[in-house]
Structure formats: structure tokens, C-alpha cells
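Working notes, structure below.
The values are calculated or read from the model by the stated rules, or taken from the named source; none is laboratory data. Worth saying up front: this structure is predicted, and the values here are computed from it rather than measured. Glycine also receives a Cβ, built like all others from the backbone with ideal geometry; neighbour counts cover every protein chain displayed. For the accessible areas, the whole protein counts, side chains as well, though only heavy atoms, and no ligand, DNA or RNA atoms are used. Shrake-Rupley method; radii C 1.70, N 1.55, O 1.52, S 1.80 Å.
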Amino acid sequence: MKLDHVIEAQQFDRDLLEVVFNEANEMEKIAYSGGSDILKHAIMATVFYEPSTRTRLSFESAMIRLGGRVISTENAREFSSAAKGESIQDTIRTIQSYADIIVLRHYQSGTAKLAEKIAQIPIINAGDGAGQHPTQALLDLYTIKESFIKIDGLSVAMVGDLENGRTVRSLAYLLAKYSDVKIVFISPDFLRMKDDIKQHLDKHEIPWEECDDLREIAPQVDVIYMTRIQRERLIERPGDYEKARGKYIVNRAVVDSMKDKSILLHPFPRVDEISPDVDVDPKALYFSQIQNGIFIRMALLKMCLIGYQH
Amino acid sequence: MKLDHVIEAQQFDRDLLEVVFNEANEMEKIAYSGGSDILKHAIMATVFYEPSTRTRLSFESAMIRLGGRVISTENAREFSSAAKGESIQDTIRTIQSYADIIVLRHYQSGTAKLAEKIAQIPIINAGDGAGQHPTQALLDLYTIKESFIKIDGLSVAMVGDLENGRTVRSLAYLLAKYSDVKIVFISPDFLRMKDDIKQHLDKHEIPWEECDDLREIAPQVDVIYMTRIQRERLIERPGDYEKARGKYIVNRAVVDSMKDKSILLHPFPRVDEISPDVDVDPKALYFSQIQNGIFIRMALLKMCLIGYQH
Amino acid sequence: MKLDHVIEAQQFDRDLLEVVFNEANEMEKIAYSGGSDILKHAIMATVFYEPSTRTRLSFESAMIRLGGRVISTENAREFSSAAKGESIQDTIRTIQSYADIIVLRHYQSGTAKLAEKIAQIPIINAGDGAGQHPTQALLDLYTIKESFIKIDGLSVAMVGDLENGRTVRSLAYLLAKYSDVKIVFISPDFLRMKDDIKQHLDKHEIPWEECDDLREIAPQVDVIYMTRIQRERLIERPGDYEKARGKYIVNRAVVDSMKDKSILLHPFPRVDEISPDVDVDPKALYFSQIQNGIFIRMALLKMCLIGYQH
């Protein structure tokens, strides 16, 4: 079987998640043994309408480690045919002549789905606006799974700008597939998680609560998932940005208050919401997340282009 | 024999065009059988002073499919040594130390010729200002040839902004090499084909006429070559842009009026001059053009770097 | 042994310089025989906070000629996580998950050292602000050595904007390691070489003098190292820029006045400080410098990633 597309976190059921995680585990071995050539003749196009050097380089590194090749545009919005008025559909239909798989980043929610509808080659959503960022959610969950083995029964605190945070949305969708999971949303009251996610959790009988005090919750949960207050998404609300920034800081005291086997995650980049002296703590797994991002993306590229056993 | 450079459409005589088309046909087979490594140790530098993601990615995909490698700059005008006052000659002499072939896009007509004069490695012109875009013309003609086999005797309508359209100029030069070809220029009267092309056609005894009514001509020709009204080349004439835009729209009615075996081409990107419901019509070959662009560029890279039989 | 990092010219002692030059010589043979695959599974990340297409493409070409792969960002300052407030430390720690070696260009002096301190993979400094540009200095010295074989005893004139010129600083550090070398600084009095370099030369008993007349010195030295008056570093001193520009022009008369076996170097790009009719003179070695830059960078990449015999 082959993966057709990677568009949103919900598309993966528990069985398929297991496959992805097993493939990622294989990829870890391949990466540490010096790479592979299984994608030797494949071409990946990274088409980014919104710059994200981090995500782009992660995908490109994943592709290269499997022997594949990359063609790339970092600033498609300004430089490409889009500036001349071309539709996303025409752009996708053009680029599918150049490549075997497209990694698409767009500033508008829903664009990945639009692209998927007309594409004859696999599309991987590398983030679309305030919509989804499914590969980030997969690497987040993979990192959680590597620590706890069993995801059922975990309690997860998501902290920061939950209104605009694409990664927490995608992760919440994935967690809703497991049993006895509990989610705590910690945010300023003006940056709360949106209702669609809360309704989704209710529908899947995942208990959740809202809270604005990180220090109270920190000792109770298995996972703290910090996020950055995104200035670029609060441009028209500078007052909110100033109020939100600095409200939640994970420092040594917070980490020391956490449970023994608990972990601290962050999708990065961070500004000052986690102080660097925490980096050496074994609970701090955000650099493992970055590494796992390579393995997850290698796995997805392989599953789209070569296939997998189910 | 090797191709020295690809600078302008006129440099190809009918015999050489046959060679290019035969090589492109071979490349089609190579591409569909998973690529080749014949250019394994070759490096192509794409040096673009004017962004054109579409053309750049097409060349890069072509190079990669033959096993070659790419170094690339998408915005040489702003970022490179050019901003520090370096001459194009020095830039070319520098980059020829880094690469085996240079694909050059420039905003000024004539730059490719300047580069060719001093370069010790092959230069491929990927468009210079309002000058030429020879690889586009070759892929256009290749697409025509694939449909009709014989180019002699065809009637071709070129539609849109013929004054600023680089692709129609290059294609006109190529068509002038064939017999009994007839060209109809369809444009608003303020965006007419320039005199140099008309004189070239006269010299080669290619009959041409001008007309401003697409619906009248559509049923009579074998090829309709649509082009976009380029807002970016009409910045100082916004009134003309508004008047020209929307004047020529190919919709289902127009396509239905076309002859049975006729074809509809467009160099892309399009804005609204061809309505998307026409895309599925067998006459609409603009997505084949894009695909053929890869094969033509693979052929040219191979002919420059490895050579060909004449 | 492996090179840990390439941060500043001073880190190379005479023995290690010999190793670098011998390796570069080997690389020259490899490059002319069609490249190699010794770095086949290695990934180089070029992380440029300040655009420098020339330096970036030179490194990328070097990596590719050894079979390695490249991931790249040309405008990290504006596009990357840096714009979101990420520290250089976090950026380096992220990118080291994606690559095996990082080539770093930064606008601030000292950044390469900061990066080196936390990186677990090799960092190569590709220029940091007005600080250093060690690979340029190595290729400069390699070009000198290829001409004279023995560097001891040479007299070198450095000409132009010595206050802001990164390349002359790095080269001065390297020359200070040899015996009987003499340096003449030729600049307008408001763009003189800074005191730290002069003190370094004094400490190593390298005689130096300052002068503002190129024509007087040209017939006396073995090497003239021209540099460009950098408008971009004199933005706040436009008067100085105009005064400095055009003060030192190497034309045919100057070259003819030079000693028989002397050489003329320039790190490029040039504007008008060397007139193009001098290019064909055998003393003009600036295009050899560019070529040598590839070989030196190939050598450094190999020494960092594979190692070398001492």
C-alpha cells in the first residue's frame, strides 16, 4: 500500500499511526548507518508560499538521506507565478510535471486539501495557515510514544497561544484517537483553543479542561507541550502580544515541580518561554523532537513513494 | 558534436531542430523509465536575475533526471555581487569556475549574448527581458510537432500581448523556418507584434496578418497560441492593461468552434484567458507543453554537455 | 585526524597550512578528473544570514564535486526562525539535526565562535561581519604559494578599504606565520587597517608600513592584493565612499610597472578598481583565486568530514 497524501492529522487511525512509527524507527537506523538510496530517482518539490526554513530543511534533509533529490522554492508567494495571478491548481498541475511528490506550505488554511483534490502525485501538507501541520503532530506524538511507549492514559498540558497554534490543533486531533487521554489547555483567556477542537474532543469523549496557571498544572501532567506566542499572528493585537508574552515561562523551578517521568516538548522556535538552562534536563525533549522530525518525514516520504506493509 | 550555447531560437536550423526533437523523444523514454545518470558528475548553475520559479524548477528537474547536480540563485539581481556593482562578465567568469553549464535568466534583452561571448562553458538563455526565451519556443514547437508530425503548412494564431510577449517572438522565428506556414497575430491595437518580427517573416516569405477578433479566426487555424496580458510589463500603462485583459478569453464556445484536429497552447502561467473548464478538452495541450519542457531541456543539457550525432 | 571547525585564519599553523594546501592540490586533480563520491552520504547546510551568492555557490560546488548533498538558506536573517526571535544557538542546534556540517555566514563579528561553542558538528565560518573570512584567506595564500612556492620573504601590498575589509584582515593573520614577510597597507587615511592587526604583526615581528600611493609601491612588491571600496559598509559615510572610490585603479600602466614575477590578486567582486583590459595579463590571478576557492573548500570539507594525515 501507498499513502496517497498527508493532509491532516485526522487521516491517520491508530493502526496507521503504528505503521508510521515503526517506519520512523526503521528510518532512525538508516539515518545512523549513513543513509540509503531507496528514493534514488525520486524528486521532491518543496513549494513554500510562506517561508519556513526549519520545516523546509527538515523535509529536504529527510529526502536526501533516502537518496532522493530536491527542487525548491522558499518564497513562492512573492516570486512565483502566483504573483502573476496563477491559481494554486495550475501551480500544482505544473509542478507535478517536475517532481514525484510535493511538500506544500501555504499561508491559507485549507490549501493543502485544494491541492490534494487535483494532484496526481502525493501532496504533503507542511502547514497551511492556522489550519494544520500534520507532520509536526506526528513527530510530537512519536516523541511522546518513545518516552511512554503507551499513549493511552496520558495527561497532556498544551500551553501558550492555543488560538493561533497550528501544532496544538493537529496534536489534539491525534491524541483524540487514544483512550483515557486527558488534555489541559493553558492559555491567556484571549488566546484560548477554538471550539472546533473542543467539540472534536467531546465527541471522542476525551476529557479536557482550561486553566490559566501553568505552575498549578505542571506537577500533575505527563507531558507539557509549550508553544511560542506568535507575534506574527498577533500583529493587529500588540497589546495581547505583550500581555501573553512572558506569562508562561518554563524555568528550572517549573521543571523540578514536574513528575519524575514527565516530559517537556516544544515545536520550536522558542523565544523566551523555556529558559535555556533547562535544556540539559532529561525531561527536556525538544531537541529530540527536531531529530524525530527527520525520521517521521523520511517515513512519510517512503510510505508515499514506495509504500508500506499494513 | 556538442551544442555550444542556446541563446536564441534562430540559431536552430531545421536539421538541428530535428535532432533536438529526436533527443527530446529519447528523453521522454528515459524520464518515464525512472531517470538516468549520464550527467552524474555535471553541475548546472541556474543564475536568475529575474525570478521565474517555473522555468528554474523545470531546468532543475531536467538536470536532476539525468543524474546531474544543481547550484542555484533565484534572485541574483538583489542578492548577488551584481548589487555590489559587478559586471555580468565577471559574474559569468566566476560562476564558470563553479559549474559546467549556466542557465541564465536576465531582465535585459541581449544579456545572454553578452554572456555567451565570454563564457568558456555553455550558456542556456532562460529568457532575457523582452528578448528571447528559446527553450520555451522549442518546447512549443515540439508540442506542435507531436500533434501534427509535419509543421509545414500549418496556420498558427498568436493571441494576447504580442508586443511584450517573449515566447511568441521566439516561436515566430522558429516557424519561419518551415514552408507554407501562416501566422495570424491577434492582439489589441496597442499591443501589436513588433516590426522586427514582421520583417523577419516577410524576408522568409511567411504570410502573416493582423486581426483583433479571436472568435473570427478560431475556426480557421490549426494552432491557437494564447498568452497572458502581462501586468508586470504594463505597469506604466494601467489603462491598457485593463482594456486588454478580458478581451480574449478562450472558453468552451471558442474551443468548440475550433477545427477538429486543432490544438490550444499557452506558455503559462495563465490568469483568466483560458477558462479551466476547457482543460479536459483533448485540444488543450498546455499541460503537455509543461511536460515537454522537461524533455526539451533534458535534450539540450545532454546536447551541450555530452553531445549528439548529426 | 579531523578538523573540528574552521573559524578564523589564526587557527592554522604553518604545518596545518601545508596539509590544507596539499589536500587542495589533490582536490584540483579530483575536480579535473570529473569529481569524486567520497562525501556521498554527507549533507552540508549553508546557513547565510547575509546573502553572498558567490561564497555560497563556491561551497556548494565544492561539496557537490565530492559527491555530497546540500541544503541551503540564502536569506536566513529575514526568512528563518531568527525573524521569530530564535537565538543563533537554537538555530545551530536545530540544523545540526539536519546536516553533517554547517557553513555559516553572519552579519555580526564573532557569531562563528558562538556557533562553534555549542555545535556538535563542524562549523565553517563563511564570513562574519567585519570579523573574518578564513576560507578566503586560505585560498588567497594558496594562490600566492602556487606562484612563488615559498611564502617566506615575500612583500605584499594590501590596497583599498582596509578598515572594513574582512579578507585583508584574515590574510594578514596568515602571512604573520611566515618569515621575512613585509606588508604595505595602501588606503585612504580614513580607511586604514585597524590597530589589532598592526599589533598582531608587531608581536610576530612582521614589518609593515602605511602609504597612500599605489603607483609608488606597485614596482616594489611581489603581491598586490586589491580590494573593493565597499559601498554597503560606508552607507553612513557617502562622502568617504566617493573620495575612496577611484583613488586606486590598477590599469595597464600599473601592471606594467610591477616586477616581472609579481602577481595581482583581488577577492572579487570588483567594481572599477581593476580595469578589465588587465585580465589577460599573466600577473592577473584573480580568476585563479576563484578556481582555487573551490579546491580549498573541497579540502576543508574533506578534512572536517573524513579527516587527514598529519
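Listing for the model above:
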| item | result |
| --- | --- |
| Any chance A:Asp37 is modelled with pLDDT of 95 or more and in contact with a Cys (Cβ under 9 Å, 6 or more places away or on another chain) | no |
| Strands (runs of 3 or more DSSP E) completely within the stretch B:45-136 that count 1 or more residues being facing chain C (nearest Cβ under 9 Å) and open to solvent by 30 Å² or more (accessible area, probe 1.4 Å) | B:69-73 |
| Single condition A:Lys259 does not satisfy, out of (1) closer than 19 Å to A:Ile144 by Cβ; (2) open to solvent by 30 Å² or more (accessible area, probe 1.4 Å); (3) within 14 Å of chain C (Cβ to nearest Cβ) | (3) |
| Subset tally (residues that are among the aromatic types (Phe, Trp, Tyr), within 21 Å of the chain's Cα centre (by Cα) and over 17 Å from B:Asp152 (Cα atoms)) for the stretch B:185-210 | 1 |
| Residue that is touching a helix residue (DSSP H, G or I) at 6+ places or on another chain (Cβ under 7 Å) and β-branched (Val, Ile, Thr), where the choices are B:Ile249, B:Ile235, B:Ile229, B:Ile217 | B:Ile229 |
| Filter pass, B:Ser179 being over 25 Å from A:Glu86 (Cβ atoms) and among the polar types (S, T, N, Q) | yes |
| Enumerated helices (runs of 4 or more DSSP H) restricted to the stretch B:183-292, each holding at least 2 residues that are free of Cβ contacts under 8 Å to residues at least 12 places away in the same chain and either under 20 Å from B:Leu171 (Cα atoms) or among the small types (Gly, Ala, Ser) (or both) | B:195-203 |
| Residue check, A:Ile186 open to solvent by less than 30 Å² (accessible area, probe 1.4 Å) and assigned by TED's automatic domain parsing to the domain that holds A:Ile224 | yes |
| Set B:Ala62, B:Ala24, B:Ala9: member being farther than 30 Å from B:His200 by Cα and small (Gly, Ala, Ser) | B:Ala62 |
| Some residue of the stretch A:284-295 being among the aliphatic types (A, V, I, L, M), under 17 Å from A:Leu162 (Cβ atoms) and open to solvent by 10 Å² or more (accessible area, probe 1.4 Å) | no |
| Some residue of the stretch B:12-27 being aromatic (Phe, Trp, Tyr), under 18 Å from B:Leu139 (Cβ atoms), part of a helix (DSSP H, G or I) and open to solvent by less than 40 Å² (accessible area, probe 1.4 Å) | yes |
| Qualifying residue in the stretch A:218-237 (condition: in contact with a Ser or Thr (Cβ under 8 Å, 6 or more places away or on another chain), farther than 19 Å from C:Asp90 by Cα, more than 10 Å from every other protein chain (Cβ to nearest Cβ) and surrounded by fewer than 18 Cβ atoms within 10 Å (Cβ to Cβ)) | yes |
| Qualifying residue in the stretch B:145-163 (condition: modelled with pLDDT under 95, under 26 Å from A:Thr73 (Cα atoms) and open to solvent by 10 Å² or more (accessible area, probe 1.4 Å)) | no |
| Some residue of the stretch B:216-228 being over 25 Å from B:Ser147 (Cα atoms) and in the same structural domain as B:Asp140 (by TED's automatic domain parsing) | no |
| Long-range neighbours under 8 Å by Cβ, at least six apart or interchain, first residue within 18 Å of A:Tyr308 (Cα to Cα) and away from chain C (no Cβ under 14 Å) within the stretch A:22-35, second of a type in the set (Lys, Arg) and not in a loop (DSSP other than H, G, I, E, B) | A:Glu23/A:Lys302 |
| Criterion violated by A:Glu205 - all others in (1) at pLDDT 95 or above; (2) touching a Phe, Trp or Tyr at 6+ places or on another chain (Cβ under 9 Å) satisfied | (2) |
| Positions within the stretch B:9-26 being at pLDDT 95 or above and among the small types (Gly, Ala, Ser), in sequence order | B:Ala24 |
| Condition check for C:Leu191: in contact with a helix residue (DSSP H, G or I) (Cβ under 7 Å, 6 or more places away or on another chain), open to solvent by less than 20 Å² (accessible area, probe 1.4 Å) and more than 30 Å from C:Ala45 (Cβ to Cβ) | yes |
| Meets criteria (at pLDDT below 95 and over 19 Å from the mean Cα position of the chain (by Cα)) for C:Ala99 | no |
| Members of the stretch A:61-77 that are within 21 Å of the chain's Cα centre (by Cα), charged (D, E, K, R) and at pLDDT 95 or above | A:Arg65 |
| Qualifying residues in the stretch A:208-233 (those that are at pLDDT 95 or above and of a type in the set (D, E, K, R)) - the one nearest to A:Pro188 (Cα to Cα) | A:Glu210 |
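Residues checked against (1) in contact (Cβ under 8 Å) with a residue 12 or more places away in the chain; (2) over 23 Å from C:Phe268 (Cβ atoms):
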site: C:Gly67; (1), (2): yes, yes
site: C:Val70; (1), (2): yes, no
site: C:Lys84; (1), (2): no, yes
site: C:Leu114; (1), (2): yes, yes
site: C:Ile121; (1), (2): yes, yes
